[in-house]
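Peer 1: Quick one: the structure is below, questions incoming.
The values are calculated or read from the model by the stated rules, or taken from the named source; none is laboratory data. In this text the structure is predicted, and so the values were computed from the model without any measurement. Note that we place each Cβ from the backbone using ideal geometry, even for glycine, and neighbour counts take in every protein chain shown.
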Amino acid sequence: MGRQVLITDDTAFMRMTLKNILEKNGYQVVGEAEDGQVAVDKYLELRPDLVTMDITMPRMDGITAIKKIIEADPEAKIVVCSAMGQKSLVIEALSAGAKDFIVKPFQAERIINAVQKVIG
Amino acid sequence: MDTSEYRDLFLAEAREYLQGLNIALLQLESDPADREVLQEMFRAAHSLKGMSATMGYQLLANLTHQMENVLDFLRQGTLRADRDVANILFESLDLLELLLGRLDEPASCLEQVDRVVGKLRAACEGSKDEADFVGNAADGDNLSLDEFEKEMIRVGCAAGERARHLEVVLDASCLLKSVRAYMVFKLMEKFGHIVKAVPGTQELEEEQFEDRFQLVILTQAADETIRAELLQIAEVAAVSVRDVPEMVETSAGLEPAAARRVELVSETAISQEELNGERRNIRRAAEKTIRVETDKLDKLINLVGELVVNRTRVVELGRTDVAAELVSAVEQLDRITTDLQSAVMKLRMVPIKQVFDRFPRMVRDLSQEKGKKVNLEVRGEETELDRSIVNQIGDPLVHLLRNSVDHGIEPPGVRVQNGKPEEGTIVLEARHEGSYVLIRVSDDGRGIATEEMLQKAVEKGLLSSTEAQRMSDEEALRLIFRNGFSTAEQVTDISGRGVGMDAVKTVIESMNGSVDIKTSPGEGTRFYVRLPLTLAIIKAMLVEVAGEIYAIPIEAIRENLYVAPQDIKTIQGEKVVNVRSEVLPLIYLGEMLGMKSGSSEEILSVVVVEAAERKTGLVVDVLLGQQEIVIKSLSRAVEGIRGVAGATVLGNGRVALILDVSSLI
């Protein structure tokens with residue numbers, strides 16, 4: 001199974017953390033996006049197997065980005081990353097087509113478990 | 001929440017729970033219907049789960065959560081505690097122990113945890129759907145469908161759907177529980193419709209539930225399909241799909257099985273009371289204890305030791321011509337210090353239970369491995385010993401027990417042939433006797449044939465055949481402790497270290513203890529280990545050599561003699577003396593310790609000591625008498641001097657060195 005991942009988060013720190021965890025577990029981070037628009041663009045360009053999507057970002061938020069990506073590719077696999085108090089946003093993300101969610105602060109096992117469930 | 005400072009406390013408590021669970025599981029194996037034990041195990045797993053989740057140890061939380069589920073089904077009766085379930089639980093406990101040791105690198109255990117969690121889940125799914133079992137009656141969670149809901153179900157069933165009662169349990173560490181619940185609901189829409197949710201949708205949204213919720217749905221899909229798809233959702237730990245308890249199909253259509261339910265509910269309610277009434281604590285009496293670092297304890301004990309010595313000085317001074325008030329004050333001081341010393345020495349005492357506790361599991365595993373049937377009886381585990389002894393006595397006891405299982409107890413077939421019960425019995429008993437603790441390891445196995453022992457010894461060159469002929473049975477038995485006697489198979493047994501009976505004896509003797517063996521061929525073997533109550537204070541014989549005072553531990557002394565110079569002979573350069581037709585070699589302590597002998601007495605004072613089964617007479621200048629002394633270890637600068645085991649401070653303030661007999665002779 002393909003293991004290429006596109007990471008989206010507006011803070012470099014988060015992107016770096018995620019990248020480290022994923023790469024340590026054998027996944028390949030093929031791109032990083034700092035907002036929703038970049039995420040959509042890079043998705044179309046790179047066609048990764050999985051996208052991790054933060055919710056609150058400038059320019060274009062995560063939910064809008066998810067909708068756009070799913071529109072372009074209904075098979076897209078997206079895992080949304082949320083903070084603790086964003087219950088309803090997560091539900092919205094799931095309705096928009098995200099496959100699963102992980103809550104910050106990240107715990108390595110949780111991330112890998114979630115990613116494994118979606119793309120193996 | 002900054003959890004790092006609680007880490008040690010967490011580890012200590014978690015290990016206690018783990019210990020308790022191991023013991024309980026063994027009890028459960030011998031009586032799978034013991035509901036009290038199941039209840040306690042469930043509570044222990046539940047507590048462990050809570051602790052782990054709070055500390056953020058996710059893998060631990062998930063594992064204990066799965067165990068809790070299995071234990072839940074077990075205590076409710078939907079799952080039977082057969083050998084497979086027991087083995088899975090044992091495996092889980094072992095993994096738990098591993099995880100506790102690797103708190104900082106949880107990822108290294110991911111695979112194993114996945115595997116075991118999978119097995120635990122499979123065990124849950126194996127739970128029977130008993131038609132007359134009432135959901136979570138034990139927890140008081142009734143579905144209580146109202147008329148409208150019941151009507152909906154009747155209509156659905158008439159249209160070909162089935163009513164299913166689902167219970168979904170989420171991971172302990174799940175954070176956005178309501179979102180998971182939402183995902184479950186969304187998935188259920190695919191299969192049919194949801195008639196009822198417990199707790200209700202409002203509470204689910206507000207996360208007013210701990211880790212599980214129930215659904216009643218109408219569906220045409222198969223139970224396994226529903227279960228499998230639900231389990232695909234992340235952070236869903238377990239799913240059960242059952243009949244709806246209030247609607248049981250009878251030939252006349254659906255009718256509430258109310259009467260039967262009432263019966264079962266009241267039955268479970270009674271047992272609940274019984275269980276609450278006789279609550280057995282798996283965790284040791286934690287409410288009455290307080291944790292103290294051993295360093296702090298040792299400092300306290302040391303100080304009291306010095307106080308005791310100073311007290312003796314003051315008491316001696318008080319005996320000289322002093323004022324009466326001083327004398328009575330000194331007497332008071334004496335009394336208080338004695339009490340204090342006694343109380344503090346008790347602090348060092350811990351029950352031998354902590355050592356004995358790991359043995360049942362070890363014996364069970366070992367006997368399975370060797371194909372033997374063994375029952376281990378443990379007695380006297382409350383017997384208290386000095387902490388340092390308890391630390392060291394574990395390994396020798398492990399070896400003695402392994403020896404009994406391996407070589408003592410015969411295979412079941414052989415036992416039956418010899419008219420013995422199939423299952424062998426090993427008794428491990430500890431009790432106080434005077435100022436000693438006696439530990440007995442006895443088995444009802446094949447015993448030891450002394451002729452075989454002698455033969456083996458001669459073959460190994462430890463004895464000449466003439467010596468072998470002259471040996472008594474007891475001496476022959478004690479050959480087992482001789483260096484070089486251990487056969488290769490024994491040596492590789494314990495964790496690859498070279499351990500044999502000789503090492504067992506050495507360790508025990510290094511604690512000023514002794515070990516003995518008795519056997520009846522065909523009937524069994526008994527090992528007796530004798531240990532002093534404490535290592536810190538010993539009785540010693542004080543002697544004077546060349547103006548210095550030395551202390552010889554009483555344990556090592558066999559007798560005192562007075563020898564006339566003309567009785568001393570020289571054989572092969574060694575000075576010896578004849579005592580009751582035995583030849584006793586002599587060592588002049590003064591010369592040996594490099595001092596000039598100060599005595600020119602005609603009659604020599606000799607202390608006969610024994611170590612490693614050899615007797616020697618130590619020639620000293622003056623025998624001063626017996627005394628209890630507090631052992632103080634020597635500073636590192638003077639460690640390792642041959643013949644010296646430590647030092648003590650006498651009542652008059654002088655320092656006396658304690659002799660290490662085995663390294664002297």
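Peer 1: Restricting attention to strands (runs of 3 or more DSSP E) lying wholly within the stretch B:577-649, give those where 1 or more residues are among the basic types (Lys, Arg) and at pLDDT below 85.
Peer 2: B:614-620
Peer 1: Additional query: Could you figure out which of (1) surrounded by 20 or more Cβ atoms within 10 Å (Cβ to Cβ); (2) under 13 Å from the mean Cα position of the chain (by Cα) isn't true of A:Gly97?
Peer 2: Among (1) surrounded by 20 or more Cβ atoms within 10 Å (Cβ to Cβ); (2) under 13 Å from the mean Cα position of the chain (by Cα), A:Gly97 violates only (1).
Peer 1: Would you be able to tell me the number of residues in the stretch B:37-68 that are in contact with a Lys or Arg (Cβ under 6 Å, 6 or more places away or on another chain) and either of a type in the set (A, V, I, L, M) or surrounded by fewer than 19 Cβ atoms within 10 Å (Cβ to Cβ) (or both)?
Peer 2: Within the stretch B:37-68, residues that are in contact with a Lys or Arg (Cβ under 6 Å, 6 or more places away or on another chain) and either of a type in the set (A, V, I, L, M) or surrounded by fewer than 19 Cβ atoms within 10 Å (Cβ to Cβ) (or both) number 2.
Peer 1: Can you say whether B:Val315 is in a helix (DSSP H, G or I), in contact (Cβ under 8 Å) with a residue 12 or more places away in the chain and surrounded by 17 or more Cβ atoms within 10 Å (Cβ to Cβ), as far as the supplied structure shows? Full working, then the answer.
Peer 2: Details: in a helix (DSSP H, G or I): yes; in contact (Cβ under 8 Å) with a residue 12 or more places away in the chain: yes; surrounded by 17 or more Cβ atoms within 10 Å (Cβ to Cβ): no.
No; evaluated as a whole, the condition is false for this residue.
Peer 1: Further, regarding this structure: For the stretch B:199-248, how many residues meet the condition of being within 24 Å of B:Val155 (Cα to Cα), in contact (Cβ under 8 Å) with a residue 24 or more places away in the chain and among the acidic types (Asp, Glu)?
Peer 2: Residues that pass the stated criteria total 3.
Peer 1: Does B:Ala33 satisfy the condition of being among the small types (Gly, Ala, Ser), closer than 25 Å to B:Arg364 by Cα and surrounded by fewer than 20 Cβ atoms within 10 Å (Cβ to Cβ)?
Peer 2: yes
Peer 1: Further, regarding this structure: Would you pick out the residues in the stretch B:360-371 that are in contact with an Asp or Glu (Cβ under 9 Å, 6 or more places away or on another chain) and either modelled with pLDDT under 85 or farther than 17 Å from B:Glu29 by Cα (or both)?
Peer 2: Of all residues in the stretch B:360-371, those in contact with an Asp or Glu (Cβ under 9 Å, 6 or more places away or on another chain) come to B:364, B:366, B:370.
Answer for the stretch B:360-371, where residues must be in contact with an Asp or Glu (Cβ under 9 Å, 6 or more places away or on another chain) and either modelled with pLDDT under 85 or farther than 17 Å from B:Glu29 by Cα (or both): just B:Lys370.
Peer 1: Hey, another quick one. Taking the stretch B:542-562, which residues are surrounded by fewer than 18 Cβ atoms within 10 Å (Cβ to Cβ) and among the small types (Gly, Ala, Ser)?
Peer 2: Those that are surrounded by fewer than 18 Cβ atoms within 10 Å (Cβ to Cβ) and among the small types (Gly, Ala, Ser): B:Ala546, B:Gly547.
Peer 1: Taking the conditions exactly as written (within 14 Å of chain A (Cβ to nearest Cβ), modelled with pLDDT under 85 and part of a helix (DSSP H, G or I)), does B:Glu111 satisfy them or not?
Peer 2: yes
Peer 1: Check the stretch B:523-544 and report whether any residue there is within 30 Å of B:Arg415 (Cβ to Cβ), at pLDDT below 80 and among the acidic types (Asp, Glu).
Peer 2: no
Peer 1: Counting only residues that are at pLDDT 80 or above and facing chain B (nearest Cβ under 8 Å), which one in the stretch A:96-108 is farthest from B:Glu105 (Cα to Cα)?
Peer 2: By that ranking, first place goes to A:Asp100.
Peer 1: Here are some residues: B:Leu93, B:Leu89, B:Leu103. Which one is within 14 Å of another protein chain (Cβ to nearest Cβ) and modelled with pLDDT of 80 or more?
Peer 2: B:Leu103
Peer 1: Only one of (1) without any contact (Cβ under 8 Å) to a residue 12 or more places away in the chain; (2) not in a helix (DSSP H, G or I) is not met by B:Thr78, so which one is it?
Peer 2: It fails just one condition, (1).
Peer 1: Test of understanding: among A:Ile91, A:Ile111, which residue is farther than 14 Å from A:Ala65 by Cβ and more than 8 Å from every other protein chain (Cβ to nearest Cβ)?
Peer 2: A:Ile111
Peer 1: Among the residues of the stretch B:381-391, is there at least one that is out of contact with any helix residue (DSSP H, G or I) (no Cβ under 9 Å at 6 or more places or on another chain) and either buried (at least 16 other Cβ atoms within 10 Å of the Cβ) or modelled with pLDDT under 90 (or both)?
Peer 2: yes
Peer 1: Examine the stretch A:66-85 for a residue that is assigned to a helix (DSSP H, G or I), away from chain B (no Cβ under 14 Å), crowded, with 17+ Cβ neighbours inside 10 Å and not charged (D, E, K, R), and state whether such a residue exists.
Peer 2: yes
Peer 1: Could we say that B:Thr466 is polar (S, T, N, Q), in a strand (DSSP E or B) and at pLDDT 80 or above here?
Peer 2: The answer is no for B:Thr466.
Peer 1: Considering each of B:Leu326, B:Leu307, B:Leu300 in turn, give the residue that is under 14 Å from B:Arg387 (Cβ atoms), at pLDDT 75 or above and of a type outside the set (Phe, Trp, Tyr).
Peer 2: Checking each option against the conditions leaves just B:Leu300.
Peer 1: Turning to a different aspect of this structure: Out of the residues in the stretch A:53-62 that are surrounded by 20 or more Cβ atoms within 10 Å (Cβ to Cβ) and away from chain B (no Cβ under 14 Å), state the one that is nearest to the chain's Cα centre (by Cα).
Peer 2: A:Met53
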